[in-house]
Structures are given as structure tokens and as C-alpha cells.
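J.: So that we are looking at the same thing, I have put the structure below in C-alpha cells.
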Amino acid sequence: MNEQEQGPLAGFTVGVTAARRADELAALLRRRGAAVVHGPALRIVPLADDTELLAATKELIGNAPDVVVATTAIGFRGWIEAAEGWGHGDELLDCLRGVELLARGPKVKGAVRAAGLTENWSPSSESMAEVLERLLAEGVAGRRIALQLHGEPLPGFVEALTAGGAEVVGVPVYRWMPPEDLAPLDRLLDQTLAGSLDAVTFTSAPAAASLLTRAEDRGVLPELLAALRHEVLAVCVGPVTALPLQARGIDTLQPERFRLGPLVQLLCRELPARARTLPVAGRSVEIRGHAVLVDGVLRPVPPAGMALLGALARKPGWVVSRADLLRALPGAGRDEHAVETAMARLRTALGAPKLIQTVVKRGYRLAVDQAAETKYADA
């Protein structure tokens, strides 16, 4: 099957750390051909019985704010349900009907309307930056603004409102906590360290911080930082999400619009652009994360084969010894016969045995076309 039929992410493996909307993100990635490894870095804990949320709700009912900002659909619904459970549901809805109600995006707007309320405004971008811009443009001096928190701090948002003279009341509807089952997160971490992932996606700052914390707990934080700085692309839904990674010196990529669709589109551009393409034995060979495009046809390759191919591609046209190839094989031990076995499987997977030449008593080489070989030798 060719690349166009498979999708632009065919042959790449992408890690997903999200807890919320993970299925949606994974579906978008798979639809474009990617293999997906899901390791939720956190879980959402509702605060329906939390005294902090009850206190904030009573305070707002007794002293109505000027503005309420609803940030997530699940959080807004949880707030209304919790208030109903405490016997304050009608009072909270009456309070919200009398204020300027801003909904961060279409899903939040749906939750607001499901509660029998009508939002005053909602940005199509789902961007908190756009919400902040609108509030500051209206003027916030002397205004009381209730902010439905969504489990993570909003650096710069509260500070900007406070600097503008507003009083900000936080409404903590749920919190992020470490996952109860750490096994999926550990699998994602292990595959990141092994270079089996081409990219890891982050949709919240707590998820990024949680992955770093888990690596530190396991004693592999330096290795994780090295992987994310060099081999594995860190892609964040927005600048707030990127802060824990950037604080550790990791360069991140973010879409211009802070949504899942643009994040996936960004991956569709970046990952193929980073793939290595070589002219080999009269064919175009593009090396991707767990597959190879040979003249545009996708060829899945086992991990051992990808390790060998990567070692050969680092020295295109040059002979690579069996000893060096053995070192490139994960967990191969000392038996050079493992190289021959993996090489035979690699050639079968590529469907074109002449792409890799055996050089008797020396090793193997990629049969790079002569003009290209001269170019790489001069480089």
C-alpha cells in the first residue's frame, strides 16, 4: 500500500500522554496512519465532595461576581452536579444567569446550554489567550471574575487580570493526580528512552510535569531529557503546556491554534520532513520510525531491522562491520549470527534485497547510487 493510501504519518509512532480527550487525539493520529502508544500521565479527580469547591460555590452565591469564565465542559458539568448534590443547584444557576458568562470553546458552550444557561461569548479558537484578550479589552479594573479552574494553573492569565485591577476567584472543580495504573505510562516512557517513538504529544502542563516526575522517580530523567532534546519530538498543544518541558531545556513545537486538529496537522508536516530519504539501487528509500517507504510503498520493518538500517544509513554507501551492526542491535549479545538473521529479515521486509549489499568478510553497505555516494563522501 502506498503512502497516500496509508496517510502522512504512516510508519511513525506517536506517544499520547493525555487523560482527557485521549481517544479523540489517538483517532486523529491513526486516521493519518500513525501507530499510537497511549500512556496517560495523569488522571482527573472530581472534587464533588471537596470543601474547597463548596466554599467557593457558597461565596459566589452569596456575593455574585461580574464575570464567570467556564474553561472545560467536564468541569462545568461537574460544578453544576456538585452544587445540586449539596442542595445549592438552583441558587448557583440563578447566580450564573445574572453574570457575564464566557465559555472557552464550543464544547464548554454546549455544557453551559445543557444547564439551561446562555453564554455571553465564546471564542471559536478554544484559546484562553483570546478570552484574556477580550476581558482586558473590556477593562477589568474593579471587576470580580470567577475562573473555573481545570486542574492546572494558568500562568499569566490570573496575573494579567490581577495586574489589570480585577479580583479573581478560583473555582477548583477537579484536580490532576498521578495515574492509578502506572504501567501504560512506564511503557510510553520506556519506548521514548529506546527511541521507539518518533514524537510524544502533550495536551496539558500537568501531563508534561507528570512524565518528568515519573522519569525522575525511576532514575531515568537524564536519559528522558536527552531523548526529548534529540531523537524524539515533543509536541505541545500550546505554550502553557510546554512550560515544564522548556524549563528543562527541551525545545517543543506548538500549532498556531491551540487545538487537537492543528496539533495533528503539525505532526503531519514535521515528521515526514525529518525522515531520511536516500537514492539506493535506483530506488527512493525513505526511512521512517518503524517502516520504510520504498518508491512510495510502505514497508513495515521489525525493530531489529530498523536498528540495522539506521546504522547503515548513518554511513550511506560505506561498509559497516558486523561488529558495529551487532552493537546497534538491541539486546543482541555477542553472537554475530544475530546480525545475519536480522539482516535477512530486513531484506525480506524491504522487498528489494539489492538495497543492501554484503561485502564479504567486511560487513554490509547500503547500495547508494554513485552520484549520491560521492555527495555523502564529500560531506
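The values are calculated or read from the model by the stated rules, or taken from the named source; none is laboratory data. Everything numeric in this text was worked out from a predicted model, so none of it was measured. Ideal geometry is used to build each Cβ from the backbone, glycine not excepted, and the neighbour counts take in all protein chains shown. All accessible areas refer to the heavy atoms of the entire protein, side chains included, with ligands and DNA or RNA removed. Shrake-Rupley method; radii C 1.70, N 1.55, O 1.52, S 1.80 Å.
J.: Using 20 Å as the cut-off for backbone N distance, which residues of the range 263-296 belong to the label zone defined by a point 7 Å from the Cα of LEU253 along Cα→Cβ?
T.: Hits in the range 263-296 for LEU253 at 20 Å: 263-278, 286-293.
J.: Just how large is the dipole of the range 1-108 about the Cα centre, in debye to the nearest 20, putting +1 at every Lys and Arg Cβ and -1 at every Asp and Glu Cβ?
T.: 620 debye
J.: Kirkwood Rh over alpha-carbon pairs of the range 106-233, then Stokes-Einstein at 25 °C and 0.890 mPa s: what D in µm² s⁻¹, rounded to an integer? Please report the intermediate quantities before stating the final value.
T.: Details: Rh = 17.7 Å.
Diffusion coefficient, whole number: 139 µm²/s.
J.: Please state, rounded to one decimal and in Å, the Kirkwood hydrodynamic radius that the range 328-369 gives when every pair of distinct Cα atoms enters the mean of 1/r.
T.: About 11.2 Å, per the Kirkwood formula over Cα pairs.
J.: Spin-label point model (7 Å from Cα, Cβ direction): what's the ASP50 to GLU270 distance in nm?
T.: A separation of 3.1 nm, rounded to one decimal place.
J.: Full extension from THR162 to ARG229: what is 0.36 nm times the residue separation minus their Cα-Cα distance, to one decimal in nm?
T.: Computed gain between THR162 and ARG229 is 20.6 nm.
J.: Positive end of the dipole of the chain, charges at C-beta (+1 Lys, Arg; -1 Asp, Glu), about the Cα centre: which of LEU266, ILE145, GLY296 has its Cα farthest in that direction?
T.: GLY296
J.: Another question about this same structure. What angle do you read, to the nearest 10 degrees and between 0 and 90, between the alpha-carbon axis of helix 205-217 and the longest principal axis of the chain?
T.: 60 degrees
J.: Something else about it: Tell me the angle of helix 260-274 to the major Cα principal axis of the chain, expressed in degrees between 0 and 90 and rounded to the nearest ten.
T.: 20 degrees
J.: Roughly how many percent of the accessible protein surface of the range 215-313 is carbon and sulfur, given a 1.4 Å probe and a whole-percent answer?
T.: It is 51 percent, rounded to a whole number.
J.: So, with +1 on the Cβ of K and R and -1 on the Cβ of D and E, and no other charges, what is the size of the charge dipole of the range 203-351 about its Cα centre, to the nearest 20 debye?
T.: About 240 debye.
J.: Which of LEU233, GLY317, THR252 sits farthest toward the positive end of the charge dipole of the range 221-379, with +1 on the Cβ of Lys and Arg and -1 on the Cβ of Asp and Glu?
T.: Value: GLY317.
J.: If I stretch the segment between LEU182 and ASP335 completely, what's the gain in nm (0.36 nm per residue apart, minus their alpha carbon distance), one decimal?
T.: Length difference between fully extended and current span is 51.6 nm.
J.: Could you check the simple spin-label distance between VAL319 and LEU93, using points 7 Å along Cα→Cβ, in nm with one decimal?
T.: So the label points at VAL319 and LEU93 sit 8.2 nm apart.
J.: So how compact is the range 230-372: Cα radius of gyration and Dmax in angstrom?
T.: 18.2, 55
J.: Only four residue types carry charge here, +1 at the Cβ of Lys and Arg and -1 at the Cβ of Asp and Glu. Report the dipole size of the chain about the Cα centre in Debye, rounded to the nearest 20. Can you show the working numbers first?
T.: On the way: 42 positive and 44 negative charges, 406 e Å.
With Lys and Arg at +1 and Asp and Glu at -1, about 1940 debye.
J.: In sequence order, what are the phi-derived ³J(HN,Hα) couplings for the range 316-321 according to the Karplus relation 6.51 cos²θ - 1.76 cosθ + 1.60 with θ = phi - 60°, rounded to whole Hz, with x for glycine and proline?
T.: Result, ordered by residue: x, x, 9, 6, 10, 5 Hz.
J.: Continuing with this model, one more query. Students often get this wrong, so try it: which of (1) 1.24; (2) 1.02; (3) 0.92 is Cα Rg over 2.2 N^0.38 Å as calculated from the structure shown?
T.: Given (1) 1.24; (2) 1.02; (3) 0.92, the structure-derived one carries the label (1).
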